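Some notes on the structure that comes next.
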Amino acid sequence: VLGWFYVFPAYRLPSDKEIVEEVLGLGEAWKKNQTGIDLYRNLLTECCNPRWMFAVTKENAPIGKVLWYDGEYYYSHTVNNETYSVFVQTTPLKPLKKCAVVGNGGILRHSKCGRDIDQADFVMRCNLPPLTKEYLEDVGNKTHLVTANPSIIEKRFQGLLWSRKAFVDYLKAYGSSFIYMPAFSMKPGTDPSLRAYYAVTDSHSNLTMLFANPDFLRNVGKFWKARGVHAKRLSTGLFLVSLALGMCDEVTVYGFWPFSIGLDGQPISHHYYDNILPGKWFHAMPEEFVQLWHLHKSGTLRVKVGSCQ
Ligand code: CDP
């Protein structure tokens, strides 16, 4: 039976209500499809080589290498002694079994997905989300990789120009995970990212700072553009899903639901912890969800929406 992915042409996104109907229609049915998993791993390895290229390393970004910012035109950073010294030697990632990619969608509220998420071998989260007690049951707290946007450093932690303590304390929630920052996406983001690096490293924490490789981000952007995601920039979540598809045997995504109503038809908040809507990038997410749902239906990854109990 053809779902709406095939029925609706690419230029008309289904309405929120249609999405809910589609998701409820399929119910909990999901069957892993190894052929689909292998196909996407190969496609992503060919275009973007996620495991080796997702971060800048001393191997893929030696001194003198020109890193072109992927989020703007005509700006580049040439790797010098100072930046080289903050890069990890080589990729720290190994092929993985069960991965969970956790978006920040309000759909996670009351989902009781915390235990499921924490059972994965590798848990990725977006934008330093709150992992406090009140959310534990719904989102868990295990974290192996968490992204941090330079704008969070600027807004929430005064660019780390004053105290670094609040920042270092906040990061304790992420244990000994990787903090993944797009340091070379927008030019103004480089300095705060380096400051975050020094704040973390000087505090002798167990966290490891990783900087996104702008070539990887650009290639992943092209990959999804060729598949119908037209927004100027992908959401953080889809970058992580792409990394997971390239590295993990099994991928489950949680908290990806960029719609105004939940499965019960009731209004839903944008994040599991607040309802602050994103600015100009928002239009990308429903398009991205269509892609994820397509992968769900083909058994390539699993999109978890609704309750985990
Ligand atoms: O920085 P950005 O706005 O991309 O992300 P966020 O709001 O911190 O959420 C993290 C990720 O979760 C997003 O990049 C989306 O991929 C996903 N998300 C979603 O699918 N639906 C929502 N309602 C909120 C977030």
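The values are calculated or read from the model by the stated rules, or taken from the named source; none is laboratory data. Just so it is clear, the structure is predicted and the values come from calculations on it, not from any experiment. As a convention, Cβ positions derive from the backbone with ideal geometry for all residues, glycine included, and neighbour counts pool all protein chains shown. Each accessible area value is taken on the protein alone, full model and side chains, heavy atoms only, with ligands, DNA and RNA left out. Shrake-Rupley method; radii C 1.70, N 1.55, O 1.52, S 1.80 Å.
Worth pointing out:
- The stretch 1-159 shape via C-alpha gyration tensor axes, a/c threshold 1.5: prolate
- Overall, the anisotropy analysis places the stretch 83-156 in the oblate class: the square-rooted eigenvalues a ≥ b ≥ c of its C-alpha gyration tensor yield a/c not less than 1.5, with a/b not exceeding b/c.
- Here the chain was treated as a single set of alpha-carbon atoms; its pair distances binned every 10 Å from 0 give 6, 27, 36, 23, 7, 1 percent.
- Using only alpha carbons, the stretch 79-208 has a radius of gyration to Kirkwood radius ratio (Rg to Rh) of 0.98.
- What the chain shows is 48 Å² of accessible area per residue, with the surface traced by a 1.4 Å probe over protein heavy atoms.
- Size of electric dipole in the stretch 107-252: Cβ of Lys, Arg +1 and of Asp, Glu -1, about Cα centre, debye, nearest 20: 580 debye
- Sum of -39500 (n - 2.57) over DSSP H runs of 4+, divided by residues of the chain (222 nm, nearest 500): -10500 deg cm²/dmol
- Separation in nanometres of the label points that stand 7 Å from Cα toward Cβ, at Tyr74 and Gln34: 5.3 nm
- Other-chain or far-sequence residues with amide H under 5 Å of Val303's (modelled H): Val253
- For the stretch 169-309, a crude dipole built from +1 on the beta carbon of Lys and Arg and -1 on the beta carbon of Asp and Glu, taken about the Cα centre, is about 480 debye to the nearest 20.
- With every protein chain in place, the chain: carbon and sulfur % of accessible area (1.4 Å): 55 percent
- Going by accessible surface with a 1.4 Å probe and the largest first, Arg41, Arg125 read Arg41, Arg125.
- Degrees between helix 284-297 axis and first principal axis of the chain (Cα, 0 to 90, nearest 10): 60 degrees
- Interchain or long-range residues, amide H under 5 Å from Tyr180's placed H: Val146, Thr147, Ala148, Leu210
- Ellipsoid semi-axes in whole angstrom, largest first, where each is sqrt(5λ) of the Cα gyration tensor of the stretch 193-253: 28, 16, 9
- Counting charges near Asn127 (Lys, Arg +1; Asp, Glu -1) among other residues having Cβ under 15 Å from its Cβ returns a value of +2.
- Between Asn81 and Lys94, residue separation times 0.36 nm minus the direct Cα-Cα distance comes to 1.9 nm.
- Just so you know, the averaged projected area of the alpha carbon convex hull for the stretch 255-309 sits at 4.5 nm².
- Three-way shape label, the stretch 154-198, alpha-carbon gyration tensor, a/c 1.5: oblate
- For the stretch 178-309, diffusion coefficient by Stokes-Einstein and Kirkwood Rh (Cα), 4 °C, 1.567 mPa s, µm²/s: 77 µm²/s
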